[in-house]
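Shown next, in C-alpha cells, is the structure this report addresses.
The values are calculated or read from the model by the stated rules, or taken from the named source; none is laboratory data. Keep in mind that what you see is a predicted model, and the values were worked out from it rather than measured. Please note: Cβ atoms are built from the backbone with ideal geometry, for glycine as well, and neighbour counts cover all protein chains shown.
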Amino acid sequence: MIVGILTAGALLGGGAAGVLYLVKKKRPRLVSENIPECLGILEQVPMEGLLNQLETALDPGFIQQVKKRYLKENPKKTEDEFEWCWFELKRYFLLTSLLRKAPMFSEEVDEIWHQMILFTQKYQTFSEQFLGSMLHHTPNTTLKPEPQERAFFDWVFSQLFSITELSWKTWGDFFKHPISNRILKEFKEQSSEWLMNKYFKVTKENEATVEYLVIQMKKQLAEVDLIHPENKKGTFPKQQTFGEMRQLSLMMVFFSYYHFDDYWTHAKVYAMANASKYTSGCSTAVFCGHASHSHDSNHGGHEDHGSGSDSGSSCSSCGGGCSS
C-alpha cells in the first residue's frame, strides 16, 4: 500500500515536472543571441539597398546612448529586452520608409523611439541620412483602435519579416482584423503604378520592395478568386510554428474579401489565436501613433482604412538584409 502511494506520488511529481518543462519550453527565450539575423527578412524579399541604407544611417555611438538612457529610465528591463525591442524598432523604421502611413502598435517599441527622439540632433541626422527628411512621431490622441490600419500593417509585415514569439508579444496578435474591402478592391483593379503611388513612398532604394509587395497582393487576390468557387468557406494549413507566415496572409486576404463581417470566426481557426498566452503578451496591441516624413505633406496618402464591407554590411542570403 505504502509502496503504491509512493509510486503514484512519484508519477504525479514526474508528470508535474513534465508539465513545467513543457510550459518553460513554450516560453520564448528572451536573449539577444536568439534575435534573427538580417532583421528576420524573408527570402526572396528585395531589401538589400534599403537595409544597407538603414544600417549606414545608424551611428553605433548614438544607439549606445539610447540604450543607456532606456535602461536607466526602465531599471526593470534587461539589456536583452532592449535588444529585442530595438530589433523590432529597426523593422518598423523599414516599414516607415515604405508605407505612406505607418502606425505604431507597440508601447514597448515606441518607448525606444521616444528615447531616440530625445537626442534631437543625432535623431535628425539619422532621419535625414536614412529617409532624406525628418521622421516625425505623431502620437495617438484618440485612443481609438484602428483595426483596418492594423490589418494592413500585419499583411505587409508578414510579407517582409519572420514573426517570432517575441514579435507576437511586442506587437500583439497578428491577423486578428480583416483588411478593408475597399483596399482589396483597389489592389485587384488598379494598376501597379497607381497602387505604388497611393499606398507607398516610392524611392530609388525601395522601389523593388514596393513593387514586390504590390505583386504579392495581386497574386494573393488572384489565388483567392480561384479558391472561392471551389470552396466558399476556404481551407488553409494551420500555422504550427512561429517564423514565416506568408501562408496566413493568404488566409487573411480570403476571409477579408469574402467573409469580412464574420472574419474572425473563420480566421481564428488558422491564425494562432492562442499564441499570445505563450508569450505573456496582450491580445490587442495599443495604437501609439504613426510616423510621417516632413516632405510628404503634399502627397496623396494611404487614408482609407474603412471597415470594409463597403464595396468601395550585406547578407544577400537573407533577403538582402544586414545582421542586426
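Which one is farthest from Gln53 (Cα to Cα), of the residues in segment 97-132 that are surrounded by 20 or more Cβ atoms within 10 Å (Cβ to Cβ) and of a type in the set (S, T, N, Q)? My answer is Ser106. Of the listed requirements (1) over 19 Å from the mean Cα position of the chain (by Cα); (2) modelled with pLDDT under 95; (3) within 16 Å of Met252 (Cβ to Cβ), Glu149 misses just one: (1). The set of residues in segment 179-201 that are closer than 23 Å to Gly289 by Cβ and part of a loop (DSSP other than H, G, I, E, B) comprises Ile179, Ser180, Lys201.
Phe152 satisfies every condition listed in (1) in contact with a strand residue (DSSP E or B) (Cβ under 7 Å, 6 or more places away or on another chain); (2) over 17 Å from Phe87 (Cα atoms); (3) surrounded by 15 or more Cβ atoms within 10 Å (Cβ to Cβ); (4) of a type outside the set (Val, Ile, Thr) except (1). The single condition from (1) assigned to a helix (DSSP H, G or I); (2) modelled with pLDDT under 95 that Lys204 fails is (1).
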